[in-house]
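S.K.: Quick one: the structure is below, questions incoming.
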Amino acid sequence: MIKILNNENYDINQSLKDENLSEGDYEEILKRLGRKPNRTELGMFGVMWSEHCCYRNSKPLLSNFPTKGKKVLVGPGENAGVIDVGNNQKLVFKIESHNHPSAIEPFQGAATGVGGILRDIFTMGARPIAVLNSLRFGNLDKTSNISLIRGVVAGISHYGNCVGVPTVGGEIDFDDSYSGNPLVNVMALGLLETDQIVCSGANKEGAPVLYVGNTTGKDGVGGASFASSELTTNSLDDRPAVQVGDPFIEKSLIEACLEAFKSGDVIAAQDMGAAGLTCSSAEMAANGGLGISINLDLVPAREYDMSPYQYLLSESQERMLLVVKKDKLNSLIKQFKKWGLYANVIGEVIKEKEVIISHKSQIVAQIPTSALSDDTPINIHKVSKQIPDYLLRKWEWKEEELPSINNNEIISLKDQKSLTLSEIILKLLSTPSIASKRWIYRQYDSQVQLNTVFKPGEADAALIRLRNQHEKCKNKVFTGIAASVDCNSRWVSLDPFRGSIAAVAESARNVSCVGADPIAITNNLNFSSPDTEIGYWQLALACEGISEACIALETPVTGGNVSLYNESKNENNKITPINPTPVIGMVGTIDNVDNAVNSGWKNINDQIWIIGSNSSESTLAASSYLEYFHGLITGRPPKINLQDEKFCQSFLREAILKNYIISSHDVSDGGLSIALSECCILSAKGAIIELENKNIRKDKLLFSEGGSRVIFSVSKNKEHNFLNFIKDKSIYFGQNIYVKKIGIVSEQNLNIRLDDKDICNIKVEDLTEKFNNSISNSF
């Protein structure tokens, strides 16, 4: 072949800008190659050295995460994390973002986000068993945000429903900061079906490189670089950087790959996701300690005028790169074609540690594997030691600044209207961030595969039944996986450290509320530009908070995703950063799904209890009540005592597994009154609650957040056993933990009393109407 490595003249400055590379990066490329890169090679470096692929801004922070654990089998570095869930079963899970593509092309951006995370799962040899999503949009008073929501939800439901993987849970929040830059984070779980975990290292010299799946087109070219830059008013011009997905081909790809992996004839596998063929080939070579040679003429293409640059940087969907055993090649090709997929040998693993790309009988790129993948550039940022002045001013806020309450009424600082406490509860329930998301999740198929224990909205965490041929299943006793995605971005914006601790604690608490033991997390760090002092400070403190919480709760980090530059720029060049949003995806295990509980009350006259910690603050600062009723986003989020949090969750799980607790729900957005309301709505039953006056404001009793609190119900005929259980555990309580009865389940009303006097009395049907119809009415 004839080398044409340097036959191009191109504008270096413009090309560096196009690839989001700096002059320093270019100098490093010259050093590593010993020559000037051609335009194709520059594009390869651009995607491989983007934040999306090499975490150049966040790697120093991510290295401090706790990643080891007794049940962790594979941590960060592979396509997804893997944990041991018992009974000789292994769970593969990860979360990824598709934020920028969804802002530009909502349907395809969200749909291909689902497809991409599913490929991360089955690339490891696991069958996808569930999807969850964490979504953020601007407020619903803007028609542009409603259009975004429609497109994103339609994209998620289309891909997930067609591919046959249930969407079992998630969270959705609304804030103006996301108007120009919505967040679409998708988490997937899979159960390993192969004897060995399939990894990505191409470690067999001479082994064929097999391309399988869909054809390569011009869609998604440069998507990784696009995902690592801010959104502007010109971002619609980047629509070609958004991929187009086909869930039916993905379904065939899942079945064909799992069949091939089980045969043991696949040496290594990598999906062609971010950075496409460039990333998959370079990473496989680097991870295997060898090189790789690719002939682009052999790549199945849907367009015939594609350049080497487009082939290498295309992020067309439903494509995989496999390194296979040479003597099994023909049988594997036949197998993939049986599923209606392309299966072409496009290269081989070579001894020389280089990525060599040819096109039309000429070498168009020749780069040492270490140059692309090893010691990728790190952007060094200094973490400010000073808390920003605007936050210090917000932290000075005191509850005494609120109006006094007279006759159970209080004046809103937002609009000067006076509402009763009952009316405030109804107002909060109708706020989109708190209201039922059923208009959204009813578009998702949550029951396909027939292993979803709780429907979306029924419990604090999703719960998936694990079917296996082990002996227990003969008695119809199934283990389960609980999963939850959580982040209170208001708290993180007001205190990145405390807010991120709370995100981990809440995700673990939600898993515990169904009776499952939290095991490990994956995270999606959605932040604005790290190039600003505040942006990087927020990211750094959030990572510190996640680490501290994961260590205390013994839930190591198995992997995840970093999405930076989440900010929008208007026509006046005004930049609006999103609220920092470190989404935590927690997974846990339960030995018998029949012991799990959901959130709704069960029987009239069941007792209602609460557990919490006096040393974990409970406050109106940073609360939903403060924002949605008074129009204030201020105050410092409550501090959580992680050891107390851990004990409360352990107590809860043990009582659930002993069948003392028959429903459970954490106290989070909106405080105690909203948690009680949600339990009433789910069960169509009321509650009579008796609170004690401890010289605390009534609105604080009803709407304060924090305190590591969970409300739960106990069957009246189990009261004696439960009291004995509390007595046995009380020696571990210390002075901080409290467990106390606060009421009973009733028939029709939520009646909250203070010192034998009603402070609110609302019909359950009124609660339900406000909660269930708020979002749908917006459409």
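The values are calculated or read from the model by the stated rules, or taken from the named source; none is laboratory data. From a predicted model like this one, the values you see are computed outputs, not experimental measurements. Glycine gets a Cβ as well: all are built from the backbone with ideal geometry, and neighbour counts include every protein chain shown. We work out accessible area using only protein heavy atoms, side chains counted, and drop any ligands, DNA or RNA first. Shrake-Rupley method; radii C 1.70, N 1.55, O 1.52, S 1.80 Å.
S.K.: Can you compute the FRET efficiency between Asp728 and Leu329 using 1/(1 + (r/R0)^6), with r the Cβ-Cβ distance and R0 = 45 Å? Round to the nearest 0.05.
M.R.: On the way: r = 63 Å, r/R0 = 1.41.
Once the sixth-power term is evaluated, E becomes 0.10.
S.K.: Quick one: angle between helix 39-48 and the longest Cα principal axis of the chain, in degrees between 0 and 90, rounded to 10, please.
M.R.: Once rounded, the angle reads 30 degrees.
S.K.: Name the residue from Ile681, Ser370, Leu494 whose Cα lies farthest towards the positive end of the charge dipole of the chain, charges +1 on Cβ of Lys and Arg and -1 on Cβ of Asp and Glu.
M.R.: Ranked along the dipole, the leading option is Ile681.
S.K.: Would you please calculate the Kirkwood hydrodynamic radius of region 102-180 over all C-alpha pairs and express it in Å, rounded to one decimal? Show your work: numbers first, answer last.
M.R.: On the way: mean 1/r = 0.0764 Å⁻¹.
This gives a value of 13.1 Å.
S.K.: For Asn721 and Arg150, compute 0.36 nm times the residue count separating them, minus their Cα-Cα distance, and round to one decimal in nm. Before the final figure, lay out the partial values.
M.R.: Details: separation 571, 0.36 × 571 = 205.56 nm, distance 4.95 nm.
Gain on stretching Asn721 to Arg150: 200.6 nm.
S.K.: Continuing with the same structure: For Leu553, what charge total do you get from the other residues with a beta carbon under 12 Å from its beta carbon, if Lys and Arg give +1 and Asp and Glu give -1?
M.R.: On the way: positive: Arg509, Lys646; negative: Glu506, Asp517, Glu548, Glu554, Asp644, Glu645.
With Lys, Arg at +1 and Asp, Glu at -1, the net is -4.
S.K.: While we're looking at this one, here's another question. Rounded to the nearest 20 Debye, what is the dipole magnitude of region 519-598 about its Cα centre when Lys and Arg each give +1 and Asp and Glu each give -1 at the C-beta? Walk me through the numbers before you get to the answer.
M.R.: Details: 2 positive and 9 negative charges, 55 e Å.
Charge dipole, region 519-598, about its Cα centre: 260 debye, nearest 20.
S.K.: Find the relative contact order for the chain and round it to a whole percent, using C-alpha pairs within less than 8 Å whose residues are 6+ positions apart.
M.R.: Details: 1931 pairs, mean separation 113.3, N = 779.
Once normalised by length, the contact order is 15 percent.
S.K.: Shifting gears a bit: For region 132-216, state what percent of all Cα-Cα pairs lands in each successive 5 Å bin, counting from 0 Å until the bin that includes the largest distance.
M.R.: So the P(r) values, bin by bin, are 3, 10, 16, 15, 14, 12, 9, 9, 7, 4, 2, 0.
S.K.: Right, another one. What fraction, in whole percent, of alpha-carbon pairs in region 299-346 exceed 13 Å separation?
M.R.: Working: 718 of 1128 pairs.
The answer is 64 percent, as a whole percent.
S.K.: Determine the equivalent ellipsoid of region 710-752 by diagonalising the alpha-carbon gyration tensor, then write out the semi-axes as square roots of 5 times the eigenvalues, largest first, rounded to whole Å. Working shown, then result.
M.R.: Numbers: eigenvalues 116, 41, 7 Å².
Computed over region 710-752, the values are 24, 14, 6 Å.
S.K.: Right, next: Between Glu205 and Thr532, what is 0.36 nm times their sequence separation minus the Cα-Cα distance? Round to one decimal in nm.
M.R.: On the way: separation 327, 0.36 × 327 = 117.72 nm, distance 4.56 nm.
Value of the extension gain: 113.2 nm.
S.K.: Here is a further query. From the alpha carbon gyration tensor of region 387-481, can you work out the equivalent ellipsoid semi-axes (sqrt of 5 times each eigenvalue) and give them in Å, largest to smallest?
M.R.: Details: eigenvalues 424, 74, 39 Å².
Square roots of five times the eigenvalues give 46, 19, 14 Å.
S.K.: More than 34 angstrom separation, counting every C-alpha pair in the chain; what % is that?
M.R.: 48
S.K.: Any idea what % of Cα-Cα pairs in region 1-137 are farther than 22 Å? It would help to have the intermediate numbers written out before the result.
M.R.: Numbers: 5404 of 9316 pairs.
The share of Cα pairs beyond 22 Å in region 1-137 comes to 58 percent.
S.K.: OK, next. Report, ordered by chain and residue number, the lysines lying within cross-link reach of Lys716, taken as a straight Cα distance under 23 Å and ignoring same-chain residues fewer than 8 apart.
M.R.: Reachable lysines: Lys602, Lys658, Lys685, Lys727, Lys729, Lys740, Lys741.
S.K.: Give the share of C-alpha pairs in each 5 angstrom bin for region 280-425, from 0 to the last occupied bin, in whole percents, shortest bins first.
M.R.: 2, 7, 11, 12, 11, 8, 5, 3, 3, 4, 5, 7, 8, 8, 5, 2, 0, 0
S.K.: Specify the angular offset, from 0 to 90 degrees and rounded to the nearest 10, of the alpha carbon long axis of helix 496-513 from the longest principal axis of the alpha carbons in the chain.
M.R.: Approximately 80 degrees, to the nearest 10.
S.K.: A further question on this structure: Could you give the Stokes-Einstein D for region 491-606 in µm² per second, using the C-alpha Kirkwood radius, 37 °C, 0.692 mPa s? Spell out each step's value before the answer.
M.R.: Numbers: Rh = 15.7 Å.
In µm²/s, the coefficient rounds to 209.
S.K.: Let me have the relative contact order for region 282-405, percent, based on Cα pairs under 8 Å that are six or more residues apart.
M.R.: Numbers: 115 pairs, mean separation 46.6, N = 124.
After rounding, I find 38 percent.
S.K.: Using 10 Å bins from zero, what percent of all Cα-Cα pairs in region 89-135 falls into each bin?
M.R.: 27, 49, 21, 3
S.K.: Compute the FRET efficiency between Gln362 and Asp195 as 1/(1 + (r/R0)^6), taking r as their Cβ-Cβ distance and R0 = 41 Å, and round to the nearest 0.05. Intermediate results must be reported in sequence, preceding the final value.
M.R.: Working: r = 43 Å, r/R0 = 1.04.
It comes to 0.45.
S.K.: Given Lys94/Lys639; Lys385/Lys574; Lys398/Lys639; Lys59/Lys90, which pairs have Cα atoms separated by over 20 Å? Could the numbers behind the result be given before it?
M.R.: Numbers: Lys94/Lys639 28 Å; Lys385/Lys574 27 Å; Lys398/Lys639 15 Å; Lys59/Lys90 27 Å.
Going by Cα-Cα distance, Lys94/Lys639; Lys385/Lys574; Lys59/Lys90 fall outside the 20 Å limit.
S.K.: On a 0 to 90° scale, report how tilted helix 106-122 is relative to the longest principal axis of the chain, with both axes built from alpha carbons and the result rounded to the nearest 10.
M.R.: So the helix axis and the longest Cα principal axis differ by about 80 degrees.
S.K.: While we're here: Take each of the peptides 663-670, 769-776, average the number of other beta-carbon atoms within 10 Å over its residues, and list them starting from the highest. Show your work: numbers first, answer last.
M.R.: Numbers: 663-670: 24.8, 769-776: 18.6.
Top to bottom by mean Cβ count within 10 Å: 663-670, 769-776.
S.K.: Can I ask one more? What does the accessible area per residue of the chain come to in Å², with a 1.4 Å probe and no ligands, DNA or RNA counted? Write out the running numbers ahead of the final one.
M.R.: Details: 29200 Å² over 779 residues.
Roughly 37 Å² per residue, with all protein chains present.
S.K.: Rg and Dmax of region 621-708, using alpha carbons, in Å: what are they?
M.R.: 14.8, 44
S.K.: Mind ranking 435-441, 399-405 by how tightly packed they are, going by the mean number of other C-beta atoms within 10 angstrom, highest first?
M.R.: Details: 435-441: 20.1, 399-405: 13.3.
Answer by packing, highest mean first, reads 435-441, 399-405.
S.K.: I would also like to ask the following. If you roll a 1.4 Å probe over the chain with all protein chains in place, what percent of the accessible area is carbon or sulfur?
M.R.: Values: 13400 of 29200 Å².
Within the chain, the accessible surface is 46 percent carbon and sulfur.
S.K.: Could you tell me what fraction of 2.2 N^0.38 Å the Cα radius of gyration of region 655-779 comes to, as a two-decimal ratio?
M.R.: On the way: Rg = 15.8 Å, N = 125, 2.2 N^0.38 = 13.8 Å.
My calculation over the Cα atoms of region 655-779 gives 1.14.
S.K.: Kindly give Rg over Rh for region 561-720, based on alpha-carbon atoms, with the Kirkwood expression for the hydrodynamic radius. Don't jump to the answer; show the numbers that get you there.
M.R.: Working: Rg = 18.9 Å, Rh = 18.1 Å.
Ratio value, two decimals: 1.05.
S.K.: Follow-up question, since we're still on this one. If you project the alpha carbons of region 335-385 onto their three principal axes, what span does each projection cover, largest first, in Å?
M.R.: The Cα atoms of region 335-385 stretch 60, 30, 21 Å along the principal axes, largest first.
S.K.: Based on the Kirkwood radius over alpha-carbon pairs, what value in µm²/s does the Stokes-Einstein equation return for the translational diffusion coefficient of region 411-530 at 4 °C and 1.567 mPa s? Before the final figure, lay out each step's value.
M.R.: On the way: Rh = 17.7 Å.
Reported coefficient: 73 µm²/s.
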